[in-house]
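Report on the following structure.
All of the numbers you see were taken from the coordinates with simple rules; none came from a lab. Keep in mind the model is a prediction, meaning the values are calculated, not measured. Cβ: placed from backbone, ideal geometry, glycine included. Neighbour counts: every protein chain shown.
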Amino acid sequence: MATRTVEVATGVPGLSAERAVTWPKRTKAWLSNGLEVILAEAHSIPKFHGELFFRSGNAAVADRASGLAEMTATVVRTGTTKRASRQIEEDLRRIGADLSSSAGADTSAISFAGLSEFAEPLLGMVNELAREAAFPEAEFERERRQKLEEVKLERTQPGFLASERLRKVLFGAHPYAQVSPSEAQVAAYKREDLQKVYRDSYTPENGLLLLVGDFDAQAMMKSVENVFGAWTGKKPETKTYAAPAQLRGRRVYLVHVPGAVQAQIYAGCHAITRKHPDWVKLGLTNSLYGGAFNSRLVMNIREDKGYTYSPRSGVHALRQHGYFSVSAAVRNDVVAASLTEVFYEMDRLRSVPVPAPELADAQNYLSGVFSMGLATQDGLLSQFSTVALNELPDDYLETYRQKVRTLTSEDLLATARKYLDSANMQIVVVGDRAQIEQQAALFGELEIFDAQGKRLD
Amino acid sequence: MIAPDTTAPVVTVGVYYKIGFRLEPQGRSGFAHLFEHMMFQGSANAPKMQHIKLINSSGGTLNGSTSYDVTNYYEAVPSNALERVLWLEADRMRALKVDDENLKNQRDVVKEEVRVNVMNQPYGGFPWLDMPPVAFRNWANAHNFYGDFADLDAADLKDVQAFFRTYYVPNNAVLLMLGDVKAEEGLAFAKKYFADIPAGAAPPFADPSEPKQAEERRGNVEEKFGTLPAMAIGYLLPARRTADWCAMALLDQALHGGRAGRMYRELVLEKQIAVEAEGGIDDLFGYNGPSQMTTRIFHKPEYSSETTLAAFDAVIQEVQQNGISADELEQLKVKWRSDYYATLEGGRGGSMPKYGLMHLLACFTLFDSEPQLVNSILDGFLAVTREEIQAAAKKYLQREKRAIVFRKPVQSSAPAGAGEKEAA
């Protein structure tokens with residue numbers, strides 16, 4: 001709770017009439033090979049942004065090896081049947097393009113941006129990577145050795161260690177528990193494993209191509225048909241996994257980093273996916289709690305108490321499950337004090353209705369920042385891909401602001417009680433146990449791990 | 001400065017002050033950045049927390065940043081909140097109203113910022129805090145820009161008000177509005193809220209120039225957490241807006257332009273000595289004093305620093321001896337143009353539209369008094385020849401114009417409770 005009186009501003013100009021928010025028209029089509037295509041014109045700069053998604057990521061192949069889809073995506077860009085690695089990189093530069101390939105839990109993607117005048121060669125490159133990646137032996141071996149160094153390095157980052165531990169705790173045997181492979185897993189990757197992931201997942205029936213930018217949508221659709229029309233391939237079978245177990249009671253997981261001069265707190269509980277009817281309600285509740293600069297948690301532990309620089313809360317939507325989290329990197333001597341405020345603010349939202357002016361402020365915030373994406377090509381792309389990948393209604397963007405504005409204090413109270421699961425939060429703290437162990441143990445049964453994930457006493 | 005564009009009902013507002021951490025007061029390292037935090041702590045009519053609350057509750061986001069030679073404050077809001085944002089920026093330009101409690105609070109916040117970004121992170125501050133004390137001799141360029149904790153502790157309210165009176169005067173600032181705003185409307189609001197803020201004396205600026213460097217400089221920094229040896233090599237840049245500077249910028253792209261760049265290609269893809277080799281000129285348009293082109297290399301532990309450095313030198317010698325091909329130069333120019341458009345449109349992700357355009361307009365105004373450069377600056381880069389690039393490589397990529405920082409992992413983990421030691 002703020003210990004000082006909050007003064008109000010005087011003489012603040014009011015807001016003038018709002019200008020209408022108009023999302024650009026989307027042209028949507030399925031090619032005869034099953035590839036879903038969504039195009040939108042945006043003429044802010046003479047460029048365009050695109051993303052070719054495949055609806056399979058690391059989770060879909062987690063039974064074979066952790067991080068296999070990500071490794072596949074990494075090697076995809078290193079050679080095709082027509083172009084060697086160096087040729088690919090120089091040809092991209094020749095047309096002023098940026099391109100990356102990556103995979104998350106639920107999708108693999110080739111993301112790109114380039115000059116409109118070179119749209120055809122860039123789409124040609126994307127097509128080649130999606131259909132004719134060659135997985136050259138030497139490139140695979142180099143990327144695998146690179147990955148080995150990367151996975152060693154990430155174990156020295158407090159933020160990584162915190163999120164890895166929380167995902168393990170929340171998701172248990174479910175593939176979402178794995179955020180990164182171990183060194184042994186990387187060492188065991190085989191080129192053939194990657195090629196199988198590529199053959200199965202990189203197919204038009206499994207794909208979604210999104211293009212936003214400075215082009216004529218009709219003409220662009222013809223180009224897309226020319227470039228991608230002859231591609232064939234089936235949708236892979238999807239595996240289903242048992243839902244992760246419900247977790248009862250607060251528990252604390254300390255990841256011991258000797259010599260740490262700060263403690264990284266990361267606490268979480270199960271929540272919902274984007275498709276869930278409560279999504280907008282939870283979004284607004286989160287922005288009041290810790291999802292905005294002006295939120296209660298930030299005002300409390302940063303602006304009032306100075307415990308931390310960057311406290312945040314968020315709702316993370318994966319395709320099958322979601323989770324809510326709160327994080328703060330705090331001074332070693334205020335771990336317990338910070339956690340006390342984390343739960344205090346959670347419990348306050350669960351027990352006392354949000355005053356009307358604060359609710360209105362949060363509604364304005366959420367509906368305002370939602371429209372910022374309109375101003376840039378990649379902002380639009382990101383909104384359109386969220387709608388398409390999560391199979392949200394076509395009018396999702398157009399109706400979102402209205403949905404935010406109709407919510408009431410009662411809605412938020414019910415939402416906080418349901419999803420800000422204070423009594424069952426799983427608490428991860430990364431830091432030097434000598435500095436923080438006693439404080440952490442105040443909040444639940446304590447387990448201690450080292451940075452390699454080994455259980456310590 | 002107003003740049004109308006009605007694509008989206010969103011307006012980005014920025015105020016840039018021509019003072020950064022380079023010329024902050026001696027004995028007060030980190031003060032320019034700490035002061036930036038204080039600008040969110042309250043002004044005459046908008047007390048603590050109100051700046052943040054009023055922007056967020058208008059549907060917008062806000063932030064500020066401190067760099068070498070400017071400090072900026074910016075907001076992106078639905079365009080119906082334009083007048084409110086200008087009122088807020090004018091209120092804090094006119095009169096900062098902060099107390100000891102605010103200062104203590106933000107000093108604590110800044111220390112956690114330094115811990116989370118530098119002291120508790122692998123390779124924290126590498127090389128932006130490691131390089132200056134090795135490369136430079138003038139305190140302005142060589143000191144710890146995030147601040148020694150003792151200096152942060154020594155800063156008091158008198159320092160805050162003196163810094164404000166000296167540098168945060170309207171005659172040392174530029175106001176920018178970009179996006180959904182009409183020129184007449186923006187100008188009328190600017191006059192209404194800013195016109196009667198009294199000008200101050202012309203701020204004193206210490207001389208940031210460096211004595212001539214005549215030898216290679218080297219330094220070592222211990223890496224407490226990370227597992228890979230790293231090094232950064234920085235070369236002094238030619239003066240801004242000269243033909244040499246344009247050539248150097250394209251040479252930078254030849255060396256550091258992603259996976260097609262020569263450094264990444266040779267050290268990571270071909271020789272496979274390094275896991276990462278990247279870098280370049282940081283914020284090409286946004287600095288106004290001695291600066292460097294810096295390569296960062298993280299290399300495999302089985303290769304020594306000297307072997308790695310020799311491989312780096314081979315890349316430099318190749319471009320000095322043979323220059324670049326006409327085809328490579330053409331590729332670089334197309335990519336340069338493409339990147340420039342992207343900078344104008346965004347520059348800081350989706351949540352701050354037109355940040356890049358704002359930054360260029362502000363820097364061209366404060367450093368060059370010539371904001372129109374945003375329309376013509378591209379021409380200089382597109383006119384660079386192969387000969388100029390090779391000449392720049394020979395003239396500027398010399399050992400006696402460079403500094404090297406080695407970041408060496410300690411083999412065993414540091415003992416518990418090693419205390420707070422500045423990484424830089």
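What is the local net charge at B:G226, summed over the other residues whose Cβ is closer than 10 Å to its Cβ (Lys, Arg +1; Asp, Glu -1)?
+3
Could you tell me which of rounded, prolate or oblate describes the protein assembly as shown, using a ≥ b ≥ c as the square roots of the eigenvalues of the alpha-carbon gyration tensor, with rounded for a/c under 1.5 and, failing that, prolate when a/b is larger than b/c and oblate otherwise?
Verdict is rounded for the protein assembly as shown.
How large is ³J(HN,Hα), in whole Hz, for each residue of region B:156-163 in order, when computed from phi with the Karplus curve 6.51 cos²θ - 1.76 cosθ + 1.60 and θ = phi - 60°, using x for Gly and Pro?
Residue by residue, region B:156-163 yields 10, 4, 5, 4, 4, 5, 5, 4 Hz.
Give, rounded to the nearest 20 debye, the magnitude of the charge dipole that the protein assembly as shown has about its Cα centre when Lys and Arg contribute +1 at Cβ and Asp and Glu contribute -1 at Cβ.
1140 debye
Could you put A:E303, A:E391 in order, starting from the residue whose Cβ has the fewest other Cβ atoms within 10 Å?
Ranking A:E303, A:E391 by Cβ neighbours within 10 Å, fewest first, gives A:E391, A:E303.
Where a Cα-Cα gap under 13 Å defines reach, which aspartates and glutamates qualify for A:K152, not counting those fewer than 8 residues away within the same chain?
Excluding near neighbours in sequence, the set is A:E183.
Give me B:W336, A:W30, B:W128 ranked fewest to most by other Cβ atoms within 10 Å of their Cβ, as a rough exposure proxy.
Placing the least packed residue first, the sequence is A:W30, B:W128, B:W336.
Just to confirm the filter: which chymotrypsin sites (Phe, Trp or Tyr not before Pro) across region A:392-457 are DSSP coil and have at most 16 other Cβ within 10 angstrom of their Cβ?
none
What share of the DSSP beta bridges in chain B is antiparallel, in percent to the nearest 5?
Restricted to chain B, the bridges split so that about 80 percent are antiparallel.
Can you check what the Kirkwood hydrodynamic radius comes to for region A:1-86, Cα pairs only, in Å to one decimal?
In region A:1-86 this quantity evaluates to 19.7 Å.
Quick one: what are the phi-derived ³J(HN,Hα) couplings along region B:359-365, Karplus 6.51/-1.76/1.60 with θ = phi - 60°, whole Hz, x for glycine and proline?
So the J values, rounded to whole Hz, are 4, 5, 4, 5, 5, 5, 6.
List the pair-distance distribution P(r) of region A:107-227, using every Cα-Cα distance, as the percent of pairs falling in each 5 Å bin from 0 up to the bin containing the longest distance, rounded to whole percents.
Pair shares across the bins are 2, 8, 14, 15, 15, 14, 13, 10, 7, 2.
For region B:240-353, taking Cα atoms only, what is the radius of gyration to one decimal and the Dmax to the nearest whole Å?
15.4, 45
Using only the Cα atoms of region A:219-340, what do you get for the radius of gyration and for Dmax, in Å?
21.1, 63
So which aspartates and glutamates can B:K191 reach, going by Cα to Cα under 12 Å and dropping same-chain residues fewer than 8 places off?
Excluding near neighbours in sequence, the set is B:E83.
Go ahead and run the numbers for FRET between B:A44 and A:K403, Cβ-Cβ distance against an R0 of 45 Å, rounding to 0.05.
Here the calculated transfer efficiency is 0.70.
Roughly how far apart, in whole Å, are the Cα centres of region A:231-284 and region A:48-111?
Using only Cα atoms to place each centre, the spacing works out to 25 Å.
Report, by chain and number, residues whose modeled amide H sits under 5 Å from the one on B:V10, excluding near sequence neighbours (fewer than 5 apart, same chain).
Counting only residues 5 or more places away or on other chains, the set is B:S79, B:D180.
Between B:P170, B:W128, B:L152, whose Cα lies farthest towards the positive end of the dipole of region B:109-179 when Lys and Arg beta carbons carry +1 and Asp and Glu beta carbons carry -1, centred on the Cα centre?
Checking the options against the dipole of region B:109-179, the answer is B:P170.
Looking at region A:66-157, which trypsin sites (Lys or Arg not before Pro) are DSSP coil and have at most 15 other C-beta atoms within 10 Å of their C-beta?
Answer by residue number: A:K82.
Alpha carbon centre of region B:3-46 versus region B:69-83: separation in Å?
10 Å
Provide the descending list of Cα extents for chain B along its principal axes, expressed in whole angstroms.
61, 55, 38
Each residue of region A:160-174 in turn: what ³J(HN,Hα) in whole Hz from Karplus with 6.51, -1.76, 1.60 and θ = phi - 60°, glycine and Pro shown as x?
Result, ordered by residue: 5, 4, 5, 6, 4, 5, 4, 5, 4, 5, 6, 10, x, 8, 6 Hz.
On the Cα set of region A:80-177, report Rg and Dmax in Å, please.
When restricted to the Cα atoms of region A:80-177, Rg and Dmax are 17.4, 49 Å.
Taking a 21 Å limit on the Cα-Cα distance, which of the listed pairs A:K28/A:K222; A:K305/B:K48; B:K271/B:K395; B:K224/B:K300; B:K48/B:K104; A:K454/B:K111 fall beyond it?
From the list (A:K28/A:K222; A:K305/B:K48; B:K271/B:K395; B:K224/B:K300; B:K48/B:K104; A:K454/B:K111), the Cα-Cα distance tops 21 Å for B:K271/B:K395; A:K454/B:K111.
Give me the extension gain from A:R248 to A:D457: residue separation times 0.36 nm, minus the current Cα-Cα distance, reported in nm with one decimal.
73.0 nm
Any chance you could give the angle, 0 to 90 degrees and rounded to 10, that helix B:82-94 forms with the longest Cα principal axis of chain B?
Helix B:82-94 sits at roughly 80 degrees to that axis.
Once you have the Kirkwood Rh of chain A from its Cα pairs, apply Stokes-Einstein at 4 °C and 1.567 mPa s and quote D in µm²/s.
Using the Kirkwood radius from Cα pairs, D works out to 54 µm²/s.
Find out how many positive minus negative residues lie around B:E318, taking Lys and Arg as positive, Asp and Glu as negative, among other residues whose Cβ is under 10 Å from that of B:E318.
-1
Taking H placed 1.01 Å from N in the peptide plane, check which residues at least 5 places from A:V428 or on another chain put their amide H under 5 Å from its amide H.
Those qualifying (amide H under 5 Å, at least 5 residues apart or on another chain) are A:Y253, A:Y266, A:A267, A:G268.
Quick one: which residues, 5+ away or cross-chain, put their amide H under 5 Å from the amide H of A:T273? H built at 1.01 Å from N.
Placed amide hydrogens put A:G322 under 5 Å from A:T273.
How do B:T385, A:T406 line up, fewest other C-beta atoms within 10 Å first?
Least crowded to most crowded, the residues run A:T406, B:T385.
Putting +1 on Lys and Arg Cβ atoms and -1 on Asp and Glu Cβ atoms, find which of B:G226, B:S43, B:A3 reaches farthest to the positive end of the dipole of chain B.
Checked the options; the winner is B:S43.
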